[in-house]
Amino acid sequence: MSDLEKIKKLRQSTGAGFKDCNSALKDSNGDLQKAVEILRVKGVAKASKKMSREANEGVVALTGDQNKTSILEVNCETDFVAKNNDFINFVKELSDINNNVDSNVEKLKATMMKNKKSVEENLILMISKIGEKITLGRSKTLKNLNSKNYYYLHSVVKDNLSKLAVIVSLKTNTNSDIIDTFGKQLTMHIAASNPLAINTNELNKNLIDKEKNLILEELKNTGKPDEIVKKISLGKINKFINDNSLMTQEWVMESKKKVQDIIKELNINDLEIVEFYRIKIGE
């Protein structure tokens, strides 16, 4: 086998660049197996160096059906790489695997991909090949009993990859176009309004306390009497709670009504929003 043929074979098996393959073959005295090991070690070293960088770009991938739906965030450093075909194909395969393992990150990393290498190994190879930090971000799988999932993708990069993705699970015994329309509209509402919980009593207490402290700090130097400050702060914190709870948010399709009002108007007694999840790149 000629040197060029060895380089070609090495590139096909490792995904490394021409120069790296040529250098590895020289270091291994033409031994392909040793060259693969050399490239693997170099790839890990390169990947380690890049992990200190910021990776605020990327895509959110969605895979699944109405019974089980998963979203996965994969981050990189630049929007240019987020639109790279190698990166896109890699993320698409990752998304399918993520759905199969119910968004279990450890299982995802250990799963073998089509090239017979694990996700973790391929992640290192991709970093080495593309030259940017690439990380697995947030992920979530919705598969609730007797529920139906709906999704929305915003700023689509390609097919099932986007910059913002929402999944929501609705539970009801009613099966109609009205429910499907509401489900789709609800995902769009969540994308736009970014609620932090379904109901007001489900908001994180630490988040509320932090907001209270910020409001009191803001009002402290206004010179207003304590009683007035308390009333203003109470009004502000109630607004914060309502604005960040899905059921009490203004409906994006009709701002004079809240989400809970729209659900009442549907007149479907057993309709329940079971769960939702939203991922936006860079947020």
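The values are calculated or read from the model by the stated rules, or taken from the named source; none is laboratory data. Every value quoted in this text rests on a predicted model; they were computed, and no experiment measured them. Positions of Cβ are backbone-derived with ideal geometry, glycine not excepted, and every protein chain shown enters the neighbour counts.
Some observations on this one:
- Count - residues of the stretch 125-153 that are touching a Ser or Thr at 6+ places or on another chain (Cβ under 9 Å), within 12 Å of Ile71 (Cβ to Cβ) and not charged (D, E, K, R): 7
- For the stretch 26-35, a residue qualifies if it is surrounded by fewer than 21 Cβ atoms within 10 Å (Cβ to Cβ) and within 11 Å of Lys6 (Cβ to Cβ), and the qualifying residues are Lys26, Ser28, Gly30, Asp31, Leu32.
- As a summary of the residue check, Ile130 satisfies the conditions (1) more than 26 Å from Ala192 (Cβ to Cβ); (2) β-branched (Val, Ile, Thr); (3) buried (at least 19 other Cβ atoms within 10 Å of the Cβ); (4) under 14 Å from the mean Cα position of the chain (by Cα) except for the one numbered (4).
- Residues being over 19 Å from the mean Cα position of the chain (by Cα) and not in a strand (DSSP E or B) are entirely absent from the stretch 91-103.
- Residue in the stretch 53-85 that is modelled with the highest pLDDT, counting only those that are in contact with a Lys or Arg (Cβ under 8 Å, 6 or more places away or on another chain) and loosely packed, with under 13 Cβ neighbours inside 10 Å: Glu54
- Residue within the stretch 235-253 that is at pLDDT 95 or above, of a type in the set (A, V, I, L, M, F, W, C), closer than 30 Å to Ser169 by Cβ and not in a helix (DSSP H, G or I) present: yes
- Within the option set Leu142, Leu161, Leu186, being buried (at least 22 other Cβ atoms within 10 Å of the Cβ) and either over 22 Å from Asp102 (Cα atoms) or hydroxyl-bearing (Ser, Thr, Tyr) (or both) holds for one residue only, Leu186.
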